[in-house]
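What follows is a short report on a single structure.
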Amino acid sequence: MSKRPTTAILPFLATASVWLGCMLAATADSGLPDAAKAGFADKLYRLDCGHSLANDESVWTPGENVGRSIEFLSTCWLIQRGNEWLLWDTGVPEATLNDPKGWSTLPKLIVYHLDKRITDQLATIGLKTIDITYVALSHTHGDHIGNVNLFPDSTVLMQRAEYEWISSADGPNDNVNQLKALARKLLGTPKHLKLLAGDTDVFGDGSVTLVATPGHTPGHQSLLVHLKNSGFIILSGDVVHLQENFEKNTVPSLNTDKGASIASMDRIRRLLATYNAKLFINHDKAQSDTLKLTPAFYD
Ligand SMILES: [Zn+2]
């Protein structure tokens, strides 16, 4: 399958006024599709992009679960629409593969492991990295952008706010400074980089929409996907880490903005109601273990 030139997103890049519209839509929802008229993506595949063990769950559930260890999954998603493919996040770096010591973004807190190559999982459905039109990034934490450099021909889609944040000078929080430095290293200098300003309709038909959900990081985004049989599905990114976070409205202590995090969770709740959608939570092991895994898919 060869990579096709893509034009659908270009109108969205054409004028500053459109971008201003997108920015306004980030709060007003007006940039999002009409549920009754939205086009459809063809298939949604889950890829195993790693798993991790953290030694203190209370980092994600402040005030509760102090000192309790927790296992998270790292999930990537692959979406087909016609001849185009969008990869949502790229997971734990392949250099970690089968390393018993694992890999860490913050060594005192969390250790990641990787059992499967993303490229091997793509191969099981007949794809090479060059077939991936877009690599869309929920945010720039290392377990989400670990393999961006495997897709040099793809167009990387991320929020401008996120790019400017990782490019900004260090602040007082050392953990945050470390995560930003790692993000710069893993992201490198993509050949094809589109910096977005809020909600963005990727294919121009409402089938796949990037939704601004800042708070975990300044330019965090989630993804709204429309499928013929499965309906609307929201891929969380890290707008929440666990179903429990979502139910209790708790904000991890590593998030860059607590108020924005709560507003983004509220926004997701509103979208779940508007679109009668399901929420697939990236790191929630209990939920993810129940979801289909490549080569099975949602359609
Ligand atoms: Zn994160």
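The values are calculated or read from the model by the stated rules, or taken from the named source; none is laboratory data. Computed from a prediction, not measured in an experiment: that's the story for all the values here. Cβ coordinates were reconstructed from backbone atoms using ideal geometry, including for glycine residues, and neighbour counts include every protein chain displayed.
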Checklist entry - Across segment 34-76, what is the number of residues that are modelled with pLDDT of 95 or more, in a loop (DSSP other than H, G, I, E, B) and buried (at least 21 other Cβ atoms within 10 Å of the Cβ)? => result 0
Checklist outcome for this item: Scanning segment 245-283 residue by residue, those modelled with pLDDT under 95, within 27 Å of K180 (Cα to Cα) and out of contact with any Pro (no Cβ under 8 Å at 6 or more places or on another chain) turn out to be F246, N249, L254, N255
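Okay, residues lined up against (1) under 19 Å from S236 (Cβ atoms); (2) in a helix (DSSP H, G or I); (3) in contact with a Pro (Cβ under 7 Å, 6 or more places away or on another chain); (4) within 15 Å of the ligand (Cβ to nearest atom):
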site: T140; (1), (2), (3), (4): yes, no, no, yes
site: D143; (1), (2), (3), (4): yes, yes, no, yes
site: V156; (1), (2), (3), (4): no, no, yes, no
site: Y163; (1), (2), (3), (4): no, yes, no, no
site: D170; (1), (2), (3), (4): no, no, no, no
site: N175; (1), (2), (3), (4): no, yes, no, yes
site: Q178; (1), (2), (3), (4): no, yes, no, yes
Checklist outcome for this item: Scanning segment 158-183 residue by residue, the ones that are surrounded by 14 or more Cβ atoms within 10 Å (Cβ to Cβ) and without any contact (Cβ under 8 Å) to a residue 60 or more places away in the chain total 7
Next on the checklist: Suppose we keep only residues that are modelled with pLDDT under 95 and among the polar types (S, T, N, Q) within segment 77-120. Which one would you say is surrounded by the most Cβ atoms within 10 Å (Cβ to Cβ)?
Outcome noted: T105
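Conditions (1) more than 12 Å from the ligand (Cβ to nearest atom); (2) touching a Lys or Arg at 6+ places or on another chain (Cβ under 8 Å); (3) not hydrophobic (A, V, I, L, M, F, W, C), marked per residue:
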site	(1), (2), (3)
P190	yes, no, yes
P214	yes, no, yes
L223	yes, no, no
S236	no, no, yes
